[in-house]
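Bear in mind these aren't lab numbers, they're just calculated from the coordinates by the rules spelled out. On a predicted model such as this, the values are computed, not experimentally measured, just so you know. Reconstructed Cβ throughout: ideal geometry from the backbone, glycine too, with neighbour counts over all protein chains shown.
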Ligand SMILES: Nc1ncnc2c1ncn2[C@@H]1O[C@H](COP(=O)(O)OP(=O)(O)O)[C@@H](O)[C@H]1O
Ligand SMILES: Cc1ncc(COP(=O)(O)O)c(N)n1
């Protein structure tokens, strides 16, 4: 069974987002997670308190070691921190065109800390966007990438189409940051436009939702599922994990990534 996902992202010591969320989500959906760390954050549910950068050569070492030996069925990237890391990661992914790649353009943590340097956005657009099988921006990230405000689902549809024009093969623009009781994610791919809507779960425990969703989708692609089916399963898993959130911490708490492993947790 295929299902090896190589994740390039940062560590969240609080266990709710970043590499920790990625490993948990991939495992919960039956995949095999491998990792290349770009940065370590001292982080909890309240915010990012410190960042320790990993040198770019060591990020590449981690990726190449894994690829030379274990191999991968999908790539997923999250916090890339700096422009030099983005260019290096792009070089490695570009050399393996058959492997699907989910690009989560992480820029700012929920608490407001920057997880990508300002000068790195242009590099991300130029080097990584054209390699993405799927780009998964949230609303603020999509605004930075397209350069105009996004206030409605129609705006989301337009922005997702523009980002596809900019080079991503498909775009899932996530609507969690839009006000309202109903949340809509917009998928634009070569099959057209798909809207996924659902009731907003009333909770403050949404730390790591973006990381979790992108890794869950990458797992589906690694396992040989189609893009739409991967998105549908990932959203079902994400909702179950949000609904079962344990409520840890004083801020935006983590999800229950292990929900699929409980007798009553169905995906
Ligand atoms: N309260 C919620 N209830 C249900 N789904 C949510 C909730 N908050 C976020 N989501 C879903 O989680 C995913 C990521 O959310 P979003 O907040 O848009 O991105 P990010 O976590 O990257 O900031 C999206 O699929 C969104 O629809
Ligand atoms: C290391 C790391 N990577 C990504 C996120 C974004 O997650 P979120 O937007 O859900 O806070 C984070 N907080 N920390």
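The table below gives the values:
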item: Theoretical FRET efficiency, 1/(1+(r/R0)^6), r = Cβ-Cβ of residue 250 and residue 84, R0 41 Å, to 0.05; result: 0.70
item: The stretch 80-126: Cα Rg divided by the 2.2 N^0.38 Å rule of thumb; result: 1.23
item: Euclidean distance between Cα centres, the stretch 11-32 to the stretch 212-245, Å; result: 13 Å
item: The stretch 145-206 - Debye-derived log10 I(q)/I(0), Cα point model, q = 0.14, 0.23 Å⁻¹; result: -0.40, -0.93
item: Relative contact order for the stretch 119-212, counting Cα pairs under 8 Å that sit 6 or more residues apart, in percent; result: 25 percent
item: FRET efficiency estimate (nearest 0.05) - Cβ-Cβ, residue 201 to residue 151, R0 30 angstrom; result: 0.85
item: Difference of contour (0.36 nm per residue) and Cα-Cα distance, residue 194 to residue 243; result: 15.2 nm
item: Least to most buried among 122, 179 (fewest other Cβ within 10 Å first); result: 179, 122
item: Which of 85, 99 has the fewest Cβ neighbours within 10 Å, and the rest in rising order; result: 99, 85
item: Radius of gyration, Dmax [the chain; alpha carbons; angstrom]; result: 16.7, 47
item: Likely footprinting exposure, 11, 77, 191, fewest C-beta neighbours within 10 Å first; result: 191, 11, 77
item: Sequence-separation-based contact order of the stretch 4-261, relative, with Cα cut under 8 Å and 6+ spacing, percent; result: 21 percent
item: Rg and Dmax [Cα atoms of the stretch 83-228; Å; Rg one decimal, Dmax integer]; result: 14.8, 43
item: Equivalent ellipsoid dimensions for the stretch 207-261 as semi-axes, Å, which come from the Cα gyration tensor, largest first; result: 23, 10, 8
item: Projected area averaged over orientations for the stretch 1-139, convex hull of C-alpha atoms, nm²; result: 8.0 nm²
item: Peptide ranges 14-27, 245-258 listed from the most packed, as the mean C-beta count within 10 angstrom indicates; result: 14-27, 245-258
